1. Taking S33 as meeting all but one of (1) small (G, A, S); (2) on the phi > 0 side of the Ramachandran plot; (3) surrounded by 10 or more Cβ atoms within 10 Å (Cβ to Cβ), write down the number of the exception.
2. Return the residues of segment 37-59 that are more than 17 Å from A8 (Cα to Cα), open to solvent by less than 90 Å² (accessible area, probe 1.4 Å) and either in contact with a Lys or Arg (Cβ under 8 Å, 6 or more places away or on another chain) or without any contact (Cβ under 8 Å) to a residue 12 or more places away in the chain (or both); say none if nothing qualifies.
3. Restricting the search to segment 35-70, which residues are among the aliphatic types (A, V, I, L, M) and under 20 Å from L24 (Cα atoms)?
4. Given the residues G21, G62, which is the only one that is small (G, A, S), out of contact with any strand residue (DSSP E or B) (no Cβ under 9 Å at 6 or more places or on another chain), open to solvent by 50 Å² or more (accessible area, probe 1.4 Å) and not in a loop (DSSP other than H, G, I, E, B)?
5. Of all residues in segment 26-59, which are within 17 Å of G3 (Cβ to Cβ), in a loop (DSSP other than H, G, I, E, B) and within 14 Å of the chain's Cα centre (by Cα)?
6. So for segment 7-17 (the condition being touching a residue at least 12 places away in the same chain (Cβ under 8 Å), open to solvent by 100 Å² or more (accessible area, probe 1.4 Å) and out of contact with any helix residue (DSSP H, G or I) (no Cβ under 8 Å at 6 or more places or on another chain)), does at least one residue qualify?
7. Mind listing whichever residues of segment 8-18 are closer than 16 Å to T70 by Cβ and not in a strand (DSSP E or B)?
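The values are calculated or read from the model by the stated rules, or taken from the named source; none is laboratory data. Not measured: the values here are computed from a predicted model. In this analysis, Cβ positions are derived from the backbone assuming ideal geometry, glycine residues included, and neighbour counts consider all displayed protein chains. Calculation scope for accessible area: heavy atoms of the full protein, side chains included, ligands and nucleic acids excluded. Shrake-Rupley method; radii C 1.70, N 1.55, O 1.52, S 1.80 Å.
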Amino acid sequence: MLGEILSAFEFMDAESMKLVGRHLRLACPVQESPFYVLIETSGSGAGHDAEKLSGFLEQVLGSGLVTDGTLAADQRRA
C-alpha cells in the first residue's frame, strides 16, 4: 500500500523502545507492545503521503494485525 512513498521501515522490540525512552528521553506515543514498526515516507507531496499513511493505518488497525498507531503531526514529533 505504501510502495511508491515508503523510504524507511524499522522493526523494534519492546527492549529497544525502552532503551530509546531511557537514553533519548522520548515518550512512546502508542500503547505498550512486544513489537513496534516505524515507517517513514518520502513521496512527491506531503498531503498525498499523509492520505496514503492514514489509509494504511486505518486498514492495519481494522485488520487486527496492528493494535495501536499514530502519525507524526510535525517534524519534532517524527
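1. Failing condition for S33: (2).
2. Result: G47, single match.
3. First, pick out the residues of segment 35-70 that are among the aliphatic types (A, V, I, L, M): 37-39, 46, 50, 53, 57, 60-61, 65-66.
Residues satisfying the conditions are V37, L38, I39.
4. Details: G21 fails: open to solvent by 50 Å² or more (accessible area, probe 1.4 Å).
After applying the criteria, what remains is G62.
5. Filtering segment 26-59 for residues within 17 Å of G3 (Cβ to Cβ) gives 37, 39-45, 48-57, 59.
Those still in the list that are in a loop (DSSP other than H, G, I, E, B) too: 42-45.
Residue satisfying the conditions is S42 alone.
6. Step one: list which residues in segment 7-17 are touching a residue at least 12 places away in the same chain (Cβ under 8 Å), which gives 7-14, 16-17.
When the remaining residues are screened for being open to solvent by 100 Å² or more (accessible area, probe 1.4 Å), the result is 9, 11.
After this cut, where a residue has to be out of contact with any helix residue (DSSP H, G or I) (no Cβ under 8 Å at 6 or more places or on another chain) as well, the list is 9, 11.
Yes, the conditions are met somewhere in segment 7-17.
7. M17
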